[in-house]
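Student: For reference, the structure I am asking about is given below.
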Amino acid sequence: MSADSLFIPHNVIEGLKSRIAETWGIDGSAVFVQATHTHSAPFPEAGYYAAVYDSSLDAEYDAYFRRVEDAVFAGVGAALAGLEPVTVWRGAGRCEFSSYRRKEAGGRWVMAPDDAGPKDPALTVVRFGREDGSDKALFVHFACHPTVTYDDLISPDYPGTAMEQLEETAGVVALFLQGCSGDVRPGLIRDGKYYYGSDEDVCRLAGELADETRAVLARPMRELATTGIHVRRLEVELPFGEVPTVAELEAWCDDPGLLGARSRKLLAFPQFLKPQETLRFGCLSLAEGLALVGMSGEMVAAYGSHAKAAGGEGIVALGLTDGNAGYVPTARQLAEGGYEAHDFFYRHGFPSPYDPVVEEKVRAALDAIIG
């Protein structure tokens with residue numbers, strides 16, 4: 001399941017999986033729930049980290065996620081009611097509007113375009129074709145933050161808008177699968193700096209994605225042999241670099257900077273003063289040469305590249321699947337600092353940035369679950 005949301009809290013996902021199991025007998029381990037990560041979705045005032053695990057901290061946000069859960073649940077029912085035989089086809093293209101967003105400037109790592117930085121412009125399209133030759137569903141996989149616009153509106157940003165354009169073909173359901181895009185954003189650049197666009201820019205970039213998807217569909221695609229559906233799961237614990245004491249938080253509480261922001265959030269929600277965070281992995285094999293590998297965090301591009309190296313082009317790496325452990329940077333990025341490796345954790349009430357050992361742990365987990 002794919003939802004146009006910033007993220008979906010783990011407790012909401014677990015509730016959804018329980019409802020699905022009780023209603024249709026589908027084991028929760030076989031249920032993969034991903035957020036496209038549009039930044040134009042409702043955001044909790046109670047704090048990012050707190051809301052990941054307890055959406056009831058904000059009543060309006062809780063009501064929003066109840067709507068999300070109900071909508072996804074209804075979608076599962078509609079899908080199960082419409083089961084029919086399909087053939088699976090896979091094709092590849094390229095979408096060039098993504099940009100690596102970390103750059104050193106003045107001795108600091110800032111959010112700025114770096115054309116030499118790692119990103120993956122690959123577009124993967126999976127077509128599920130009916131016996132009469134028509135399309136029943138599409139998977140569209142691409143790795144880029146949905147941050148085209150920050151206008152004051154609710155929007156699915158480019159992923160959901162592109163899927164709406166593709167669904168103009170009657171009877172087709174299009175699901176966007178967000179890749180490892182923690183350090184990659186849309187390349188709206190002016191005078192060497194990023195700028196935020198408008199809804200017009202959302203529609204333009206969505207059109208580029210939809211057009212390239214149609215181009216892939218128009219070319220010969222590789223038919224994939226069905227092998228049955230197989231699921232593998234594992235979890236790893238990601239340690240934080242440090243866990244401050246209550247006394248330290250109280251001492252920093254009035255600081256106007258990031259330490260003060262972190263301190264006030266953790267004093268309000270002391271249950272999040274813990275030494276580590278759980279990162280969930282899942283591998284969903286759907287056909288020969290097609291396996292979705294989901295990770296419950298904002299994974300940077302390097303982890304998507306590692307997944308491909310470990311399992312070949314048949315691996316489709318997904319972030320923000322089955323929860324959100326926040327940004328998961330590499331050891332090098334943690335040493336460099338910058339938003340994804342430092343500022344994010346303090347701004348949103350995590351105990352601290354992760355310990356650099358997380359990269360080794362993530363790579364080992366990917367090798368294990370793919371192998």
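Student: Restricting the search to the stretch 244-286, which residues are loosely packed, with under 15 Cβ neighbours inside 10 Å and closer than 22 Å to residue 296 by Cα?
Tutor: Residues satisfying the conditions are 271, 274, 275, 278.
Student: Sticking with this one: How about the stretch 276-310: which of its residues are more than 18 Å from residue 177 (Cα to Cα) and among the small types (Gly, Ala, Ser)?
Tutor: Listed by number, the residues that qualify are 309, 310.
Student: Among the numbered criteria (1) under 19 Å from the mean Cα position of the chain (by Cα); (2) part of a loop (DSSP other than H, G, I, E, B), which one does residue 274 miss?
Tutor: So the condition that residue 274 fails would be (1).
Student: It is to be established whether one or more residues within the stretch 291-301 are in a strand (DSSP E or B), closer than 26 Å to residue 94 by Cα and among the acidic types (Asp, Glu).
Tutor: The answer is yes; a qualifying residue exists.
Student: So, one more: Would you confirm whether or not the stretch 339-360 contains a residue that is under 15 Å from residue 235 (Cα atoms) and either buried (at least 19 other Cβ atoms within 10 Å of the Cβ) or outside the structural domain of residue 285 (by TED's automatic domain parsing) (or both)?
Tutor: yes
Student: Under 7 Å between Cβ atoms, which residue pairs at least 6 apart in sequence (or on different chains) link something in the stretch 100-120 that is within 18 Å of residue 186 (Cβ to Cβ) with a partner that is modelled with pLDDT of 95 or more and β-branched (Val, Ile, Thr)?
Tutor: Within 7 Å, the pairs are 100/184; 101/184; 103/110; 113/189; 119/184.
Student: Another question about this same structure. Quick one: would you say residue 176 is in the same structural domain as residue 360 (by TED's automatic domain parsing) and within 30 Å of residue 114 (Cβ to Cβ)?
Tutor: No, not satisfied.
Student: Determine which member of the set 185, 190, 214 is of a type in the set (Lys, Arg) and either assigned by TED's automatic domain parsing to the domain that holds residue 41 or touching a Ser or Thr at 6+ places or on another chain (Cβ under 6 Å) (or both).
Tutor: Criteria check complete, one pass: 185.
Student: Can you run down the residue pairs with Cβ atoms below 6 Å, 6 or more apart or on separate chains, where the first is in the stretch 331-360 and among the polar types (S, T, N, Q) and at pLDDT 95 or above and the partner is crowded, with 18+ Cβ neighbours inside 10 Å and not in a helix (DSSP H, G or I)?
Tutor: Note: pairs meeting the criteria are 352/240.
Student: If you don't mind, there's one more thing I want to ask. Of the residues 287, 301, 268, which single one is more than 19 Å from residue 343 (Cβ to Cβ) and at pLDDT 95 or above? Before the answer, list the steps.
Tutor: Working: 301 fails: more than 19 Å from residue 343 (Cβ to Cβ); 268 fails: at pLDDT 95 or above.
Criteria check complete, one pass: 287.
Student: For the stretch 132-188, give me every one of the strands (runs of 3 or more DSSP E) that falls completely inside it and has 3 or more residues that are in contact with a strand residue (DSSP E or B) (Cβ under 6 Å, 6 or more places away or on another chain).
Tutor: Qualifying strands (runs of 3 or more DSSP E): 135-142, 173-178.
The values are calculated or read from the model by the stated rules, or taken from the named source; none is laboratory data. These figures come from a predicted structure and were not determined experimentally. Cβ: placed from backbone, ideal geometry, glycine included. Neighbour counts: every protein chain shown.
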